[in-house]
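Below: one structure, written as structure tokens.
The values are calculated or read from the model by the stated rules, or taken from the named source; none is laboratory data. Please read all numbers here as calculations on a predicted model, not as lab measurements. Methodologically, a virtual Cβ is constructed for each residue, glycine included, from the backbone with ideal geometry; neighbour enumeration extends over all protein chains shown.
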Amino acid sequence: MGPSPQSTTQRSTALPTTGRPPENAHVRQWVQTCIDLCQPNALYWCDGSAQEQAALTQRAVAEGVLISLNPQTFPGCSLHRSNPNDTARTEYCTFTCTPTRELAGPTNNWMAPEQAYQTLRACYVGSMRGRTMYVVPFLMGLPGSPLAKVGIELTDSIYVALSMGLMTRMGRVALDALGGNDHFTRCLHSVGECDPHRRYICHFPQDNTVWSYGSGYGGNALLGKKCLALRIGSYLGHEEGWLAEHMLIMGITPPGGQTTYITGAFPSACGKTNLAMLTPPPHFAAKGWKTETIGDDIAWMYPGKDGALHALNPEYGYFGVVPGTNRTSNPNAVEIMSHDTIFTNVALLPDGTPWWEGKDGPIPSRCLDWTGQPWTPASGRKAAHPNSRFTAILTQNPALSPQAEDPAGALVSAIIFGARRSKTIPLIVEAFNWTHGVYLGATMGSETTAAASGQVGVVRRDPMAMLPFCGYNMGRYFTHWLSFEKRLTKRPRIFFVNWFRTDAQGKFLWPGFGDNLRLLAWIVERCQGRVGAIDTPLGWMPRPEDLDLDGIDRARFEQAQAIDPGAWQQELRDQEELFTKFGADMPNELLAERERLRSRL
Ligand code: SAT
Ligand code: MN
């Protein structure tokens, strides 16, 4: 533990300061309180300008935090190597600090707010000594959007300050949106000693506050993303009547038709970023199908005055997984990360070019691995960390939707829930109605992969892919979802997809990637009322003739859609286990929905 708060000495001399503080007295006062606590040696007010980003990048290179990459092959790019103990989100030290445990619900780690403040205050005392405190004002959402929220992050990590400049609308734009008022999320972040045993990511939804200590990794440290846009956001959404979701947003345009916007929730390792950036395969492109990206991770959705659901991406950049990215799996991502990108924990070739497993081109005979150690193909370990990332702004995406700039958001016609399941769950099904759709989302379960620690191939329930991100009791979150049936007159259709079903030999029944557009095309045509389906116990399913299956083995498609009644009995028992956790907070409508499914089966 650090020294007690009483031993804090007030600094008498003015802090060396870069940039100008805003007029907003609430901001100045709060920043001063945090300076007194963390005792930085210098203060830097970020304005979000391009000059600032360039100057801070130079400074980060001088400090050894970033390595400049080859300006010919990867112009404007740099590499960051994280502490090897700090390469992923850490759910065990992520807390929801609501006044009571039951407000946080059974699926969140809970700490009493007073205890959390006390524990973290002890960590923060003097934690920025010898460091600069960066003041990073940021806007989640577009200026002028009904949902836009201002946050201010104080951080002692220049990597975090630079990354926030790519991931959010950062600087003046946020302070202008805030004006003189007090409505901003207070985000305090210090890497401290980067010790996994002294690491805390604490959310105080009632105080609109996030305190993060002991990690510099993305979701733990870039506090606009999972912390504000999902955990605090979902709490605010419940209070204010909207939804903060772990969803991609994309547009799909049929030949000569209207662009249809869909949102989709997938747990990690299901290819969400690849789907958000999907390029139509030649056969579809030739017919005139087009796709576009609005967001790859987070959707804020609200009921418009028109009775429809509107979705916007609160972020301004991508923080995507790098390994496996190539011209076949995701050509748009390859383009995005070809310039002005921060890479984290990828490998480095002798000529200063980044490298990762699954990159186009040959496997190098030698390089430095993600920790900076010499590596050859014979090393017997990965060169890039499996969770290595690229950080770059949205506008570098050649497939960025023009609709991404609309502060009102895109009109949502379909919501897709998806998961990785080798058995039982069919390739695609459409919910009978809103409640049934919410049931499909609430019972989502996905198989764990080697990318995460723990057992491989076990089904982990992850309702709406929000298990680690819902900032309040998930039972009440389900009720909130159900309430949109009445809040909307033009309800999106809801679908469930599983690209990962396998045959008896363990081979995927569906080709996936670009071919997923065959299923998205059916979804779009369902939304436009142009294609049929059959009624099954699980929901509406396409008949083979309802889909473009040109070049696809029809028998394998049918196998991917098969319903195995025995496997479904087990699935229902597993779902029951999840619902039981929520006790009295579990809405009756979903229990009734399960009974209807049981009787249909
Ligand atoms: O750092 S993030 O939380 O955004 C990425 C992840 O899902 O782990
Ligand atoms: Mn995510």
Check your understanding: Only one of these conditions is not met by Q373: (1) out of contact with any Cys (no Cβ under 9 Å at 6 or more places or on another chain); (2) more than 16 Å from ligand 1 (Cβ to nearest atom); (3) closer than 28 Å to D515 by Cα. Which number is it?
Key -> (3)
Check your understanding: For the stretch 267-364, which helices (runs of 4 or more DSSP H) that fit wholly inside it have 1 or more residues that are closer than 30 Å to Y159 by Cα, over 19 Å from the mean Cα position of the chain (by Cα) and away from ligand 1 (no atom under 16 Å from the Cβ)?
Key -> 331-336
Check your understanding: Do any residues in the stretch 470-481 that are modelled with pLDDT of 95 or more have Cβ atoms under 9 Å from those of residues that are basic (K, R), where the two are at least six apart or on different chains, and which pairs are they?
Key -> C470/R231; G471/R231; Y472/R231; M474/K581; G475/K581
Check your understanding: Given H339, H283, which one is over 23 Å from D406 (Cβ atoms), in the same structural domain as L517 (by TED's automatic domain parsing) and surrounded by fewer than 24 Cβ atoms within 10 Å (Cβ to Cβ)?
Key -> H283
Exercise for review: Could you check G214 against (1) crowded, with 24+ Cβ neighbours inside 10 Å; (2) touching a residue at least 40 places away in the same chain (Cβ under 8 Å); (3) within 16 Å of ligand 2 (Cβ to nearest atom) and say which number it fails?
Suggested key: (3)
**Study point:** Subset of the stretch 504-535 (residues that are surrounded by fewer than 15 Cβ atoms within 10 Å (Cβ to Cβ) and farther than 17 Å from P281 by Cβ)
**Key:** A504, Q505, G506, K507, Q528, G529, R530, G532, I534, D535
Review point. Residues in the stretch 332-354: is at least one within 16 Å of ligand 2 (Cβ to nearest atom) and in contact (Cβ under 8 Å) with a residue 60 or more places away in the chain?
Key: yes
Check your understanding: Condition test on I262, is it within 16 Å of ligand 1 (Cβ to nearest atom) and aliphatic (A, V, I, L, M)?
Key -> no
Check your understanding: Only one of (1) more than 13 Å from ligand 2 (Cβ to nearest atom); (2) under 16 Å from N330 (Cβ atoms) fails for T273. Which number is that?
Key -> (1)
Check your understanding: Can you list the strands (runs of 3 or more DSSP E) found entirely within the stretch 389-431 that contain at least 1 residues being crowded, with 24+ Cβ neighbours inside 10 Å, modelled with pLDDT of 95 or more and in contact with a Cys (Cβ under 7 Å, 6 or more places away or on another chain)?
Key -> 410-418
Review point. Cβ-Cβ below 8 Å, separation at least six or inter-chain, first residue in the stretch 88-101 and over 17 Å from H197 (Cβ atoms), second within 16 Å of ligand 2 (Cβ to nearest atom) and part of a loop (DSSP other than H, G, I, E, B): which pairs?
Key: T96/G471
Review point. Does R501 meet the test of being surrounded by 15 or more Cβ atoms within 10 Å (Cβ to Cβ), closer than 18 Å to L275 by Cβ and among the charged types (D, E, K, R)?
Key: yes
**Study point:** Those residues of the stretch 196-211 which are more than 16 Å from ligand 2 (Cβ to nearest atom), in contact (Cβ under 8 Å) with a residue 24 or more places away in the chain and not hydroxyl-bearing (S, T, Y), in sequence order
**Key:** P196, R198, R199, C202, H203, F204, P205, Q206, D207, N208, V210, W211
Exercise for review: Scan the stretch 545-574 for residues that are within 12 Å of I425 (Cβ to Cβ) and either among the aliphatic types (A, V, I, L, M) or in a loop (DSSP other than H, G, I, E, B) (or both) and jot them down.
Suggested key: A560, Q561, A562, I563, D564, A567
Practice item. Filter the stretch 272-300 down to residues that are of a type in the set (D, E, K, R) and within 16 Å of T395 (Cβ to Cβ), then give me how many there are. Key: 2
Point to revise | Residue match in the stretch 245-259 (condition: within 16 Å of ligand 1 (Cβ to nearest atom), buried (at least 24 other Cβ atoms within 10 Å of the Cβ) and either of a type in the set (D, E) or within 22 Å of M111 (Cβ to Cβ) (or both)) | key: yes
Practice item. Return a yes/no flag: does the stretch 263-278 have any residue that is modelled with pLDDT of 95 or more, touching a helix residue (DSSP H, G or I) at 6+ places or on another chain (Cβ under 9 Å) and either under 19 Å from L69 (Cβ atoms) or acidic (D, E) (or both). Key: no
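A quick yes/no check of all residues on (1) of a type in the set (G, A, S); (2) touching a residue at least 24 places away in the same chain (Cβ under 8 Å); (3) not assigned by TED's automatic domain parsing to the domain that holds Y477:
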position	(1), (2), (3)
A521	yes, yes, no
C527	no, yes, no
A533	yes, yes, no
R543	no, no, no
A562	yes, yes, no
Point to revise | Residues of the stretch 217-248 satisfying the condition of being assigned to a strand (DSSP E or B) and more than 13 Å from ligand 2 (Cβ to nearest atom) | key: L243
